[in-house]
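What follows is a set of notes on a single structure, which appears directly below.
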Amino acid sequence: MPATKSRSSSSRSTAASAAKQKALPLPAPSGRPRSMPLTVSRPELLVQGSDRAFRALVHGLFGFFARHEAVRAGHGARIGLVGIEYTVLISIGHLSAEEGQVSVNRLAEHLYLSGAFVTTLTNQLLKHGLIHKTPDPADRRRVLLEISQEGWARLAELAPVQRKVNDVQFDCLSAAEFQQLLSMVNRLIESSNRALSLQTYYAGGGEGAEPTGDRPARRRSKQSRKIG
């Protein structure tokens, strides 16, 4: 009888031990972390302590921009240009209509591009016969950009299809949502400039105080730049 009790007690002990082991988390496979480190720490960007929604936003933006780039490329191809050339051409048109004279520096500021890159692109448009370049009478160091008759003709050819495509791409937005998105994009550009400054600081070894202010702001036109 005592032997039976001993075996029963041993069985219960073995079962309890097995249950305890089962409740414990299994070790992660060698070299693989059990959980990924957070990519953000601001409470506003976390949902119940998780950055999953933030990552969904970032990857969603990537998906949107990839598709928008394809749309832009399609607009350009319709008038014999690559996407960025089309953007530069139509931006010269909008700026000239809104502000009058358009310089290379103003165009670069408007599109958040370097002056050297814009100069290269405008030279391509000049070769296509789509723009004119003339020295600024008030400052011979500046070059003024103007769309040629052929350039205007191509933009006019594109416009009917361009409107339909852009309307469909953004048909998910109400008027209020459109204004909110416009405001958010402007603020994200500014905060992204600060993020790039911080990233450059760390890439350089992180010596001295961390940068906290904005980079020199690139002033925008009174009307926001066209994205389509």
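Some notes on this structure:
- Residue in segment 80-100 that is touching a helix residue (DSSP H, G or I) at 6+ places or on another chain (Cβ under 9 Å) and more than 18 Å from L155 (Cα to Cα) present: yes
- Qualifying positions in segment 160-175 - free of Cβ contacts under 8 Å to residues at least 60 places away in the same chain and not hydrophobic (A, V, I, L, M, F, W, C): P160, R163, K164, D167, D171, S174
- Against the numbered list (1) at pLDDT 95 or above; (2) farther than 30 Å from G115 by Cα; (3) small (G, A, S), G80 comes up short only at (2).
- Just one of the numbered conditions (1) β-branched (V, I, T); (2) at pLDDT below 95; (3) under 28 Å from R187 (Cα atoms) is not true of V143: (3).
- Among the conditions (1) assigned to a helix (DSSP H, G or I); (2) within 26 Å of E190 (Cα to Cα); (3) not assigned by TED's automatic domain parsing to the domain that holds E190, L113 misses just one, which is (1).
- Taken together, the criteria exclude L126 from residues that are in a helix (DSSP H, G or I) and surrounded by 15 or more Cβ atoms within 10 Å (Cβ to Cβ).
- For segment 129-152, filtered to residues that are among the acidic types (D, E) and loosely packed, with under 14 Cβ neighbours inside 10 Å, the residue that is farthest from G83 (Cα to Cα) is D139.
- Selected residue (criterion: surrounded by the fewest Cβ atoms within 10 Å (Cβ to Cβ)) from residues of segment 45-90 that are under 26 Å from G151 (Cβ atoms) and in contact with a Phe, Trp or Tyr (Cβ under 7 Å, 6 or more places away or on another chain): R72
- Segment 164-180: number of residues that are loosely packed, with under 13 Cβ neighbours inside 10 Å and part of a helix (DSSP H, G or I): 9
- Hey, L145 outside any helix (DSSP H, G or I) and in contact with a strand residue (DSSP E or B) (Cβ under 7 Å, 6 or more places away or on another chain) or not: yes
The values are calculated or read from the model by the stated rules, or taken from the named source; none is laboratory data. Computed from a predicted model, the values in this text were never measured in an experiment. When we count neighbours, we look across all protein chains shown, and the Cβ atoms used for this are built from the backbone with ideal geometry, even at glycine.
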